[in-house]
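The values are calculated or read from the model by the stated rules, or taken from the named source; none is laboratory data. These figures come from a predicted structure and were not determined experimentally. Cβ atoms come from the backbone with ideal geometry, glycine included; neighbour counts cover every protein chain shown.
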């Protein structure tokens, strides 16, 4: 692609969803440190914008994130730890 962006982290077990048309890049390959993603020419992104990925294996993705926030009535009422690795 002629346009792209880097995501913090990488090798996500997930499919890119947003920005629309974002794809993994075969030339640079996967990286666990930072992931280069190809973008369509019309995509408008800036440093600090969010990218969204749809997990393909939830238990693997949960281990890469912090505690799960439990919401009730629009407020965080508890935090649950994710599954331990191993």
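At-a-glance table
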| item | result |
| --- | --- |
| So residue 79, is it touching a residue at least 24 places away in the same chain (Cβ under 8 Å) and in a strand (DSSP E or B) | no |
| Condition met for residue 28 (out of contact with any strand residue (DSSP E or B) (no Cβ under 9 Å at 6 or more places or on another chain), at pLDDT below 85 and in a loop (DSSP other than H, G, I, E, B)) | no |
| Residue match in the range 73-82 (condition: in contact with a helix residue (DSSP H, G or I) (Cβ under 6 Å, 6 or more places away or on another chain), surrounded by 11 or more Cβ atoms within 10 Å (Cβ to Cβ), over 17 Å from residue 20 (Cα atoms) and modelled with pLDDT under 85) | yes |
| Filter result for residue 30 (free of Cβ contacts under 8 Å to residues at least 40 places away in the same chain, surrounded by 13 or more Cβ atoms within 10 Å (Cβ to Cβ), more than 12 Å from the chain's Cα centre (by Cα) and under 30 Å from residue 2 (Cα atoms)) | no |
| Residues of the range 42-71 satisfying the condition of being modelled with pLDDT of 85 or more and surrounded by fewer than 10 Cβ atoms within 10 Å (Cβ to Cβ) | 42, 44, 46, 47, 48, 50 |
| Of all residues making up the range 7-25, the number that are exposed (fewer than 15 other Cβ atoms within 10 Å of the Cβ) and part of a strand (DSSP E or B) | 6 |
